[in-house]
Amino acid sequence: MIKKAFIFCSILWAANFMVSGQTATVKPLTIGEIRTFKSKTLNEDRTLNIYLPQGYDKTKAYPVIYLLDGSMNEDFIHVTGLVQFFNQMYSMPETIVVGIANIDRKRDFTFHTDLKDLQKDYPTTGHSDKFIGFLEKELKPYIESQYKTTDKYLFGQSLGGLLATEILLKKPEMFNNYFIISPSLWWDDQSLLKKAPEMLSKSGDHKKFVYVSVGKDEHPVMVKDAGDLYDVLKKAGKKNWTVEYKMMETDNHATILHRSLYEGLVKLFPYKEPQ
C-alpha cells in the first residue's frame with residue numbers, strides 16, 4: 001500500500017514539474033477598437049466599440065453596421081460574431097460594426113410623449129431628436145472620416161427598433177439598410193405607426209432594404225404592431241424598397257435578436273457553395 005502511494009505521488013510530482021516547466025506567451029485578443037467620441041449635440045462622451053474585419057485594410061472601403069445597444073455587455077460581441085460568420089460562410093462582404101454604447105437608452109431612443117403614465121415610468125424620456133441629430137451630424141461623418149465606407153446599416157431592437165423606425169420614416173436617406181427587430185411601436189399610444197402612411201408618402205424612393213421581425217411569443221401588441229408596420233411599408237408602394245417580414249415562431253422579446261438578425265442577413269446574403 002505504501003509502495004503504491006509512493007508511485008502515485010511520484011507521478012503527480014512529475015506531472016506538476018512538466019506543467020511548471022512549460023512557458024506560454026500571452027497577448028491581448030483584439031478584434032477592433034474602442035473609441036471615446038465627444039458629442040456636442042448630446043453634451044457628453046460616447047463610447048464606440050468598433051469591430052474591424054480580420055486583415056482590415058485602411059485603403060479599402062467597407063460597409064458599416066451601426067448597432068444600437070452596442071455596449072460590450074449588450075449586443076456588440078454576439079453581433080460581431082454573427083457578421084464574421086456571414087463573411088466566412090455566406091456572400092456577405094467584410095463589414096465594419098460600430099457598436100454605440102448606451103448611457104440612457106430610454107432618453108435617446110424615445111420621442112416626446114404627453115402621456116402621464118409614460119412620463120412617470122420613463123422620467124428621462126423624449127430626446128430621440130437629439131440622438132438622431134448626433135447620428136446624422138456627428139457620428140456618421142466621424143466614422144466616414146476615419147474609415148472608407150460603402151453601404152450603411154442600422155440595427156435596432158425594442159426601443160432601438162422604435163428609433164430605427166422613426167429614422168426610417170423621418171430620415172430614410174440616413175441608412176441604406178434597416179433591421180427593425182421587435183420595435184416598441186406601442187410608445188405614445190402608437191402615434192408613430194399611425195403617422196407612418198403620411199410620412200412615407202413624403203419620402204423618396206431610393207434603393208433600400210428594410211427587414212422587420214417579431215417573436216411569436218412576444219406581447220400581442222408587439223406582434224400586431226410589427227405586422228402593421230410591415231403592411232404600411234408594403235402599401236407605401238416604394239418600388240426601390242425591398243421590404244421583408246419574419247415572424248420568429250419560437251422566440252420571445254428576450255431571445256429574438258440574434259436568430260432574427262441571422263434570418264434577415266440570409267435574405268440579403270444567401271449561402272453560396274465554395275467554388
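The values are calculated or read from the model by the stated rules, or taken from the named source; none is laboratory data. Note that the structure is a prediction, hence the values are computed from the model and not measured. Every residue, glycine as well, gets a Cβ built from its backbone with ideal geometry; the counts of neighbours run over all protein chains shown.
Just a few scattered comments:
- Residues being closer than 26 Å to Arg259 by Cβ and either in a helix (DSSP H, G or I) or without any contact (Cβ under 8 Å) to a residue 12 or more places away in the chain (or both) - total across segment 170-189: 1
- Residue match in segment 133-141 (condition: within 21 Å of Val221 (Cβ to Cβ) and touching a Leu at 6+ places or on another chain (Cβ under 7 Å)): no
- A count restricted to segment 87-134 and to residues that are within 25 Å of Glu33 (Cα to Cα) and in a helix (DSSP H, G or I) stands at 9.
- Residue that is surrounded by fewer than 17 Cβ atoms within 10 Å (Cβ to Cβ), assigned to a loop (DSSP other than H, G, I, E, B) and of a type in the set (Gly, Ala, Ser), where the choices are Gly237, Gly227: Gly237
- The criterion of being farther than 23 Å from Tyr262 by Cβ, in a helix (DSSP H, G or I), modelled with pLDDT of 95 or more and more than 10 Å from the chain's Cα centre (by Cα) does not hold for Lys60.
- Residues being outside any loop (DSSP other than H, G, I, E, B), modelled with pLDDT of 90 or more and either surrounded by 12 or more Cβ atoms within 10 Å (Cβ to Cβ) or of a type in the set (D, E, K, R) (or both) are represented in segment 67-74 by at least one member.
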